[in-house]
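The values are calculated or read from the model by the stated rules, or taken from the named source; none is laboratory data. Keep in mind that this is a model prediction, so the values were computed, not measured. Ligands, DNA and RNA are excluded from the accessible area calculation, which covers all protein heavy atoms including side chains. Shrake-Rupley method; radii C 1.70, N 1.55, O 1.52, S 1.80 Å.
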Amino acid sequence: MTDIVAPRDPGRLEHEHSPEAIRRRLAQGAKYNYLRDFVYGGIDGAVTTFAVVAGTMGANLSTRVVLILGAANLIADGFSMAASNFLGTRAERDDYRRLELIEERHIEIAPEGEREEVRQIYAGKGFSGAELERVVQLVTSDRRRWIATMMAEEYGLPTGIRSAWIAGAATFAAFLVCGLIPLLPFIFGASESFLFSTVLTGVIFFLIGSVKSRWSTASWLSSGLMTFIGGGAAAALAFLAGVVLKNVVP
């Protein structure tokens, strides 16, 4: 179970609350977080590249084979993951726009029905009587605000969708950086390359998990260990597959 920790400094506020600071912060607009894309690419890069290393070592293949297969994995699998993330995020944007157009059309064709939707949404939040009607009037007096309200309340969507380009680039960059780590001992011809690769990859797993705890309520130790265990299990399976296939494949 993930350990939940209290804020590092319960007495410290994460941002100022003076009127000017609030105005300045809100004027900057929403800031999208691409941590998920980086963590996704980093973990998969380290796991899949070390899986190649572990599998080839388990099959007792040469360093040259390790480097060739590892490099191929870095480029091909890294690009594939980045492209998949790009297309997935792009699909979210397309679906968001599709729903926006639906709401625009509904407001144009059946405005009273859409007002009733707003009325029932805010009635469900506890508004009633003149107060409820005032809220409905405020929301529906501006079309963009009306549509944004329906996107959030009817479809449960955020105010906007993250950039598909940045999401894909973050995944690809993290995959390359973290995926290169298991290959470094082989690139530099270190003695006991597989041992060094194993240790470095374990450190990367733990660091990724620990760093991402800064954006969650989990402790750095718990988050790091969970990532380490998950990545280690995948690597162990790859090594076992190499050992088995070495004795099965002629």
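Helix 63-72 sits at what angle to the longest principal axis of the chain, using alpha carbons and giving 0 to 90 degrees rounded to 10?
20
Over the range 137-213, what is the mean sequence separation of C-alpha contacts under 8 Å (at least six apart), divided by residue count, expressed as relative contact order in percent?
16
Give me the angle, in degrees from 0 to 90, between the Cα long axis of helix 35-58 and the longest principal axis of the Cα atoms of the chain, rounded to the nearest 10.
20
Pull out a ≥ b ≥ c, the square roots of the eigenvalues of the alpha-carbon gyration tensor of the range 177-250, then state rounded if a/c is under 1.5, prolate if not and a/b is larger than b/c, and oblate in the remaining case.
Here the range 177-250 falls in the oblate category.
Determine the per residue accessible area of the chain with all protein chains present and a 1.4 angstrom probe, expressed in square angstrom.
With the other protein chains kept in place, the chain gives 60 Å² per residue.
Considering only protein heavy atoms and a 1.4 Å probe, what is the carbon-and-sulfur percentage of the accessible area of the range 156-215?
In the range 156-215, the share of accessible area belonging to carbon and sulfur is 77 percent.
Relative contact order, percent, of the chain when contacts are C-alpha pairs under 8 Å separated by at least 6 residues?
Reported as a whole number, the value is 38 percent.
Enter the angle in degrees (range 0 to 90, nearest 10) between the Cα long axis of helix 111-123 and the first principal axis of the Cα atoms of the chain, meaning the one along which they spread out most.
70
Consider the candidate values [x] 1, 6, 8, 8, 7, 7, 6, 6, 6, 5, 5, 5, 5, 4, 4, 4, 4, 3, 2, 2, 1, 1, 0, 0, 0; [y] 1, 6, 10, 11, 11, 11, 11, 10, 8, 7, 5, 4, 3, 2, 1, 0, 0; [z] 1, 6, 13, 17, 18, 14, 9, 5, 3, 2, 1, 1, 1, 1, 1, 1, 1, 1, 1, 0, 0, 0, 0, 0; state which one is P(r) over Cα pairs in 5 Å bins from 0, in percent computed from the structure displayed.
It is the value labelled [y].
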